[in-house]
1. Taking the stated definitions as given, is T778 of a type outside the set (D, E), within 17 Å of A653 (Cβ to Cβ) and open to solvent by 60 Å² or more (accessible area, probe 1.4 Å)?
2. Against the definition (hydroxyl-bearing (S, T, Y), more than 23 Å from the chain's Cα centre (by Cα) and either closer than 27 Å to D296 by Cβ or not in a loop (DSSP other than H, G, I, E, B) (or both)), how does S193 come out, yes or no?
3. Which numbered condition trips up A235, out of (1) in contact (Cβ under 8 Å) with a residue 60 or more places away in the chain; (2) over 25 Å from E295 (Cβ atoms); (3) aliphatic (A, V, I, L, M)?
4. Do any helices (runs of 4 or more DSSP H) lying entirely in the range 1-94 carry at least 1 residues that are surrounded by 14 or more Cβ atoms within 10 Å (Cβ to Cβ) and at pLDDT below 90, and which ones are they?
5. Restricting the first residue to the range 35-46 and requiring it to be charged (D, E, K, R), which pairs with a second residue that is in a loop (DSSP other than H, G, I, E, B) meet a Cβ separation below 7 Å and a spacing of at least six or different chains?
6. What pairs come up if the first residue lies in the range 410-423 and is crowded, with 17+ Cβ neighbours inside 10 Å, the second is not in a helix (DSSP H, G or I), and their beta carbons are under 7 Å apart, counting only those six or more places apart or on different chains?
7. When the residues of the range 392-409 are narrowed to those that are open to solvent by 20 Å² or more (accessible area, probe 1.4 Å) and of a type in the set (A, V, I, L, M), which ends up nearest to the chain's Cα centre (by Cα)?
Amino acid sequence: MRIPLDYYRILSVPVKATPEQLEQAYRDRLLQQPRREYSEPAILARQELIQHSYQVLSDLGQRATYDAQFLLNIQSWSISEPQEEAVKAADSEIVEVVEDVATIPLANPTIEIPSNQLIGGLLILHELGEYELVLKIGIDYFNNQQFDLRSQEQDEVSIDTTKEDLILSLALAYLELGREQWHRGEYENAAVSGQMGIDILNQENLFAHLKEELQLDLYKLRPYRVLELISQNSAQSAERAKGFKLLREMLLQRQGIEGKGSDRSGLSFDQFLCFVQQLRTYLTSAEQQQLFDREDQSDSAIANYLAVYALLGRGFSLKQPELVLRAQRKLDSLSEQQDVGWEQAISALLLGHTEKAIDKLKNAQDTSKVEQVQQHCLGSSDLLPGLCFYGEKWLQEDVIAQFSDLAATQLTLKEYFGDRQVQDYLEELAPPATFTTAKASIAKTPKQQKSIVESGNQSETALRRIRALWRNFFSAEKAASARVRSSNHVAQAQTELVGAATTPSSIGTATIERNHRVAPATSEPGYRPVPPNRNTPKQNFPAKKSLSLPLQPQAQTRAVGPSVMQKAEGTAKRRVSRQNKRSPATIWQGWLFVISLVVGVGTLGYIAMKLFLSPSIKTANEAQLMIAVDQPTIELPSKKTIPVAAQPKLTFAEQSQQLIDNWLSSKSAAFGKEHQIDQLNNILAEPLLTTWRDRAAAYQAGNFYREYQHNLIMRSATINPSDRNKATVEAEVQEIAKHYQSGKLDNAQSYDDNLLVRYQLVRQGEKWLIQNAEVLKTL
């Protein structure tokens, strides 16, 4: 039978090989041994082919004859007339002809071998990396053998000792072909190859350890398959459903995102969490709810947190408050492990529990959210308007925008609460039991018990209160006038505070309680809140201990009005009538108390305001589990920045050279021994970023790495005149790469290239990134 091999390839030598090279190659090939699973006849067949090849090529006469046949049997060569005449010349001239045509590409030359040497030929093809040829030849031979066995009489069937070696060759070819496809980014094809290898071993019940090796490759390949199947297929496709099923299997085997189980993918907790974060950008809100809002994920804090965002996003955008209620219950459980006060405030707001929303907001340790809410209150002590305004913005930019199926939704709180079905659901919804119970536990007097009953009916009046905000607070005229008044807010509040302090009886119990529970707010003239940038990762601010500042000026602004002043005047008259019945000493002591109270309250207010505005008051609270949806848990190494004043102003050509230098350094880090893949994020833009990240991840999964040396010579750098945010750069890049596999240098994969490369740049903000790269030619 004929197989696609020739004597030169069997010895792995060029056609022009010298006798010394032939002898060295022959010795090296004999020293190389195939896998130990092969039988002695298979190893012997391989050695016979190597020995026969050396005998033919080491003898000048036999080599000349073989070379003549070797050249004439190549069917797809395109040889010129002079070359054809040379081939037909005398034997003494054949060697020269071979040297002349050595650079012509070979087209599958073949040799004739006996059938008992087939396994040896398959072994050599496998060593040459011809895995598809091994499969084609091996499967055809296997099928023919099976057909012959079925056609023979039972008593004529003989035991075929080559069957196990043939199965082994096919399984190993599937293994290596799958790994090649994996490194090329053909993840599904790689999975098919691996599964076929497992199937053929299962069919014959052979080589259990090799089957385990194939299965381990499939486990390691699974994250790449999930990303490929979900990111490249539509929501209702069978391929996407397949990827979703694989992802659920991984979560079950890991026993949750931070579980102690193993999915055998080789991903650590941090790596798996980054994988989930990357995958979420392709998952719809319904898919995320289906994935994370499950009973088997109930013990996972991260899964519950991700489920909360999916439930809040869908509940708000789809006007389904029952989903918000489910999110609230998860948040109540999460609050025992981490600070989720802001999310609890938003869920309570969407359910119409405004008092609970404000209470959760004040108790949240993330004071940045409280400050944002206060800045939108325009000087009011009532936090609800600011909570509605900033909460709506947060829902739109930090929640809905994260889901591909909800990103186009343009919904306001006004439209949400204006929906008839939402109103019906919220009116039937009972007030939060825990909140009512907490209020009831501190009730002492009948008057306080009455206020508790009123607060228990909050859910019935919340809709009317929220609707009034849109009419009264958020109208353009009143917002404009409020901004004008805010510039004089501090001075006016201090004046009103003194006036109120002179009539202490006018400050009732309810006013004092309100002043104590309202958080301080800044009121700098001309200050406007900066809207959060959803493209920037959130920062975990250190939690600040809340300050209890009595009688704050901001809290008194709305409390001190005409009705309060009238009440103060009546109280003062009654006090005068009572003073007529008192002794002069008592009256004198009373005035001293009033004067000292005024001075003390003013001093406390001034000190409190200085303390609040001082940045030194920010102190960290106890450490706790912090889970952020839009940032990785792995802290990236920060780069030292040069002060702006010390940075020289670079030309665009200098900036471009610095950018290409940074790219080459980032590439070295991503493909290096430490596999610092995240460095690519700071230098590449899509689509180049995904391409190189996938390549680097494949190297990491395959236990490969490279050591690079680069030299760079800039040729040109021009900005597109029609689009100043795009540019083209051409540069000569010398790249020396040493390829390592399992810590051992692989010279066959190492290289030394000198290339002319064209880079397409794109400016994002103030930063240039590489969007595409093209090798123009090899220098």
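The values are calculated or read from the model by the stated rules, or taken from the named source; none is laboratory data. Everything quoted here is computed from the prediction, not taken from an experiment. Cβ placement follows ideal geometry from the backbone for every residue including glycine, while neighbour counts extend to all protein chains displayed. Note: areas computed on protein heavy atoms with side chains; ligands, DNA, RNA excluded. Shrake-Rupley method; radii C 1.70, N 1.55, O 1.52, S 1.80 Å.
1. Details: of a type outside the set (D, E): yes; within 17 Å of A653 (Cβ to Cβ): no; open to solvent by 60 Å² or more (accessible area, probe 1.4 Å): yes.
Answer is no for this residue.
2. On the way: hydroxyl-bearing (S, T, Y): yes; more than 23 Å from the chain's Cα centre (by Cα): yes; either closer than 27 Å to D296 by Cβ or not in a loop (DSSP other than H, G, I, E, B) (or both): yes.
Answer is yes for this residue.
3. (2)
4. Qualifying helices (runs of 4 or more DSSP H): 60-72, 81-87.
5. From residues that are charged (D, E, K, R), the pairs are E37/F207; R46/P34.
6. Partner pairs satisfying both residue conditions: Y416/K319; V422/K319.
7. A401
Conditions tested, residue by residue: (1) out of contact with any Lys or Arg (no Cβ under 8 Å at 6 or more places or on another chain); (2) farther than 30 Å from R693 by Cα; (3) in a helix (DSSP H, G or I).
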| site | (1), (2), (3) |
| --- | --- |
| Q278 | yes, no, yes |
| Y282 | yes, no, no |
| D296 | yes, yes, yes |
| D299 | yes, yes, no |
| G313 | yes, no, yes |
| L325 | yes, yes, yes |
